[in-house]
Amino acid sequence: MSSAPPQANPGPLAHRPIQLYLGGRAFAEFSYQMATVALGWQVYALTGSAFALGMVGLIQFLPTALLVFVAGQVADRYDRRRILWVCHALAAAAAGFLAWGSIGGWLTVPMIFGVVAVLGTISAFKSPATAALLPGIAPAGMLQRTTALSSGVFQLASITGPALGGVGYAISPGVPYAAMAVLSVLAAILFAAVQLDRPPPRREPATVAGLFAGVGFVRSNPAILGTISLDLFAVLLGGATALLPIYAADILHTGPWGLGVLRAAPAVGALMMTAVLARFTLKRKVGIRMFQAVIVFGVATVAFGLSTSILFSVAALVIMGAADMVSVVIRTSLVQLATPDAMRGRVGAVNYLFINASNQLGEFESGIAAALVGAMPAAVLGGIGTIAVALLWMKLFPALRNVDHLE
């Protein structure tokens, strides 16, 4: 008697909670990317100041720096779905205010900065809860595939969101914000409908030691500390995204649509690299591969800084995004595999602090440097600094350099 053939594995996309989670993540990230383009262009249009562009990044980062440990413990003590519902509902209200003020013509730069601070506070609580929720709904044995899908959704939103945000802003400054409000409401609804496959982790007592447990965990793992600190300083110096409105308007002589294309280019490279890594996984010498990727990121940043052609600039940004994705894959894999579920919120909050410091403080640093020496020298010097950091970190963190494989 022949045995029945084994059933095909339906994969994570056949799982209802994963569908809802990915849909909510897509709406949330799409809305954020559209608003980012609109905020950068609007602030530069109102002020003509590179310093003001840098302030957008600093103001968005400060709430994360102040609330990171509280947000991580909240994600570990309370229902992560409810946290996300509240965060996206508040984001919809903030976006509605920006749309109202832009359409009415009474929105000022201080008002924009105030809303950016609110959005930064929302992000401080949203990101640890989003990262910590995923392992609780991923089917057994499918966490890595589900994580890859989540990353792919983020990259798709990063590609289409900036481009459509630029087009929407060209129609009316209020259009991207109105779209953000609608998409944030949809994200809130989808996250609220997610059902957990496994019960949430047992709540630990709220203590000062528990509040900073994520920091202790990261410090006790040299490879993790080296990975996220490398990302922090490399992107802090080499992040040229804050300069894109200046490049679009003054160097490449394009409009909001061109800014949207430039913003989308790194995500195109990241998505292409995601497809490559999904087929040809990092199996050996992943520590060295991490450093090589950061050096390529720095070289591409220098090339972008020297470019006066939009086609060459887009190509450099695509390479930057692809190189950065290698760093993201290694960092995410190390953190996920080493962190117990009851601590994922707090460790995720620490990781998010490093990511935001690199992205948003990097925007502030780039804005200040551009105000002092000009946009092109600032971008070139930042790329050179990224290469120097990678070479230095190879000496300071041998544990990271010697990581051979990811299990």
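Key figures
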{"quantity": "For Ala28: the one exception among (1) farther than 22 Å from Val175 by Cα; (2) buried (at least 24 other Cβ atoms within 10 Å of the Cβ)", "calculated": "(1)"}
{"quantity": "Members of the stretch 161-174 found to be in contact (Cβ under 8 Å) with a residue 12 or more places away in the chain, under 21 Å from Trp100 (Cα atoms) and in a helix (DSSP H, G or I), listed by number", "calculated": "Gly161, Pro162, Leu164, Gly165, Gly166, Val167, Gly168, Tyr169, Ala170, Gly174"}
{"quantity": "Enumeration of residues in the stretch 341-387 that are part of a helix (DSSP H, G or I), modelled with pLDDT of 70 or more, over 26 Å from Thr130 (Cβ atoms) and of a type outside the set (A, V, I, L, M)", "calculated": "Ser366, Gly367, Pro377, Gly382, Gly383, Gly385, Thr386"}
{"quantity": "Complete set of residues in the stretch 138-150 that are part of a helix (DSSP H, G or I) and modelled with pLDDT under 75", "calculated": "Leu143, Gln144, Arg145, Thr146, Thr147, Ala148"}
{"quantity": "Filter result for Leu66 (under 21 Å from the mean Cα position of the chain (by Cα), part of a helix (DSSP H, G or I), surrounded by fewer than 22 Cβ atoms within 10 Å (Cβ to Cβ) and at pLDDT below 85)", "calculated": "yes"}
{"quantity": "Residues of the stretch 292-325 satisfying the condition of being buried (at least 24 other Cβ atoms within 10 Å of the Cβ) and aromatic (Phe, Trp, Tyr)", "calculated": "Phe297, Phe304"}
{"quantity": "Contacts under 9 angstrom Cβ, first residue in the stretch 231-255 being buried (at least 24 other Cβ atoms within 10 Å of the Cβ), partner in a loop (DSSP other than H, G, I, E, B), 6 or more apart", "calculated": "Tyr247/Ala240; Tyr247/Thr254; Tyr247/Ser307; Ala248/Thr254; Ala248/Gly255"}
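The values are calculated or read from the model by the stated rules, or taken from the named source; none is laboratory data. Because the structure is predicted, anything quoted here is derived from the model rather than measured. Cβ atoms come from the backbone with ideal geometry, glycine included; neighbour counts cover every protein chain shown.
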